[in-house]
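Peer 1: Before I ask anything, let me first share the structure, which is written out below as structure tokens.
Coordinate-derived values only; no laboratory data. Quick caveat: nothing in here was measured; it's all calculated off a predicted structure. Cβ placement follows ideal geometry from the backbone for every residue including glycine, while neighbour counts extend to all protein chains displayed.
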Amino acid sequence: MEDKKMKMDTSKSHGKKMGKDDKIKVDAKNLELWYGDNKALNDISMDIFDRKITAFIGPSGCGKSTFLRCINRMNDLISGVTIKGRVDIDGHDIYAPHVDEVAVRKRVGMVFQQPNPFPKSIYENIAYAPLMHDVVKKGSQCDELVEQSLISAGLWDEVKDKLKQPGTSLSGGQQQRLCIARTIAVKPDIILMDEPTSALDPISTEKIEMLMLELKKDYTIITVTHNMQQAARIADMTAFFHLGNLIEYDETETIFINPKEKKTEDYITGRFG
Ligand SMILES: Nc1ncnc2c1ncn2[C@@H]1O[C@H](COP(=O)(O)OP(=O)(O)OP(=O)(O)O)[C@@H](O)[C@H]1O
Ligand SMILES: [Mg+2]
């Protein structure tokens, strides 16, 4: 414990390096965002590490979802949004003029708070996008991708005998795993999750948390949560936001045991928010 602390760079709370072997996947630099005249993000700079789970915490309205949506250019879909600064993925600015935002969204998948399967069968929920993007051919190649994606999302055993049934016929927790399987099927690098378990019961929540720990072997996961225990259980790094500012970003243990900022301490101890 002491050792680990000694090795950490404590000179700045933003853009922290976890260790010399950790690769930076997402690098936000001086990011600012306005909805019309209302500024929602102030000068956010942070490095997000490859194949780690990073949790965004903070009170309602502090900009967690807004920042998350900057990482796959989903705010581009909202009219009246102005963005300044940059977001690099693997060293390339995803807001550069030549970049195709649809390609960005393919690389950076997103799972929402409410499971949102398409009104299609379980099979088609997963096969739809890969077939549309010509990632696989119809038939055995597609069948294999559907099976692999469902296995990776921990859902295969529960649905393998009813792949033709509607995705919406599953329980909420199963639907959320179906949405994760659908996200994995297009082979993203990064998975964004915006409060992925807040609509789920404790058992489904635990399944999703276990799944996230498994998935981080292959994917960079960035998740928003209001559940402090969840962040403490699964996140390697935690970022605390307040009123559009990134207040503190550090290893999860530091944020919860030894935060540097009083605002962070007040929030995690339930004094506000
Ligand atoms: N589509 C939008 N149009 C205009 N303003 C928006 C939009 N989405 C968010 N905002 C504003 O931006 C600010 C940040 O909102 P955001 O949804 O990012 O917060 P959040 O931290 O995700 O909150 P919560 O925990 O409630 O989900 C808020 O003031 C919100 O009202
Ligand atoms: Mg939100």
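Peer 1: Just in the range 175-273: which chymotrypsin sites (Phe, Trp or Tyr not before Pro) are loop by DSSP and have at most 12 other Cβ atoms within 10 Å? Spell out each step's value before the answer.
Peer 2: Working: sites: TYR219, PHE240, PHE241, TYR249, PHE256, TYR267, PHE272; in loops: TYR219, PHE272.
Hits after loop and neighbour filter: PHE272.
Peer 1: In Å and on Cα atoms, what radius of gyration and Dmax does the chain show?
Peer 2: Over the chain's Cα set, Rg and Dmax evaluate to 18.9, 57 Å.
Peer 1: How much length, in nm to one decimal, is gained on full extension between ASP43 and GLU206, taken as 0.36 nm per residue of separation minus their Cα-Cα distance?
Peer 2: Numbers: separation 163, 0.36 × 163 = 58.68 nm, distance 3.45 nm.
Additional length available on full extension: 55.2 nm.
Peer 1: Ordered by packing density, taken as the mean number of other Cβ atoms within 10 Å over each peptide's residues, highest first, how do 34-40, 162-168, 111-117 rank? It would help to have the intermediate numbers written out before the result.
Peer 2: Numbers: 34-40: 12.4, 162-168: 15.4, 111-117: 18.0.
Highest-to-lowest ranking by the protection proxy: 111-117, 162-168, 34-40.
Peer 1: Let me ask something else. Ignoring everything except DSSP H segments at least 4 long, calculate the 222 nm mean residue ellipticity for the chain; use -39,500 (n - 2.57) per segment, divide by total residues, nearest 500. Mind dumping the intermediate values first?
Peer 2: On the way: 11 runs with 96 residues, N = 273.
Result for the chain: -10000 deg cm²/dmol, rounded to the nearest 500.
Peer 1: Over 21 Å between Cα atoms: which of LYS162/LYS216; LYS137/LYS217; LYS29/LYS64; LYS25/LYS187 fall into that group?
Peer 2: On the way: LYS162/LYS216 28 Å; LYS137/LYS217 27 Å; LYS29/LYS64 16 Å; LYS25/LYS187 16 Å.
Too far apart for the 21 Å limit: LYS162/LYS216; LYS137/LYS217.
Peer 1: Dividing the alpha-carbon radius of gyration of the range 210-273 by 2.2 N^0.38 Å (N being the number of residues), what value is obtained? Please report the intermediate quantities before stating the final value.
Peer 2: Working: Rg = 12.2 Å, N = 64, 2.2 N^0.38 = 10.7 Å.
Cα Rg divided by the expected 2.2 N^0.38 Å: 1.14.
Peer 1: Another question, if that's okay. If you take the square roots of the eigenvalues of the alpha-carbon gyration tensor of the range 132-273 and sort them as a ≥ b ≥ c, do you get rounded (a/c under 1.5), prolate (a/b over b/c) or oblate? Let's see the in-between values first.
Peer 2: Values: a/c = 2.93, a/b = 2.17, b/c = 1.35.
It is prolate, given that a/c is not under 1.5 and a/b is the larger ratio.
Peer 1: Based on the mean of other beta carbon atoms within 10 Å per residue, what is the order of 91-100, 225-234, most packed first? It would help to have the intermediate numbers written out before the result.
Peer 2: Details: 91-100: 11.7, 225-234: 18.2.
Put in order of decreasing packing, that is 225-234, 91-100.
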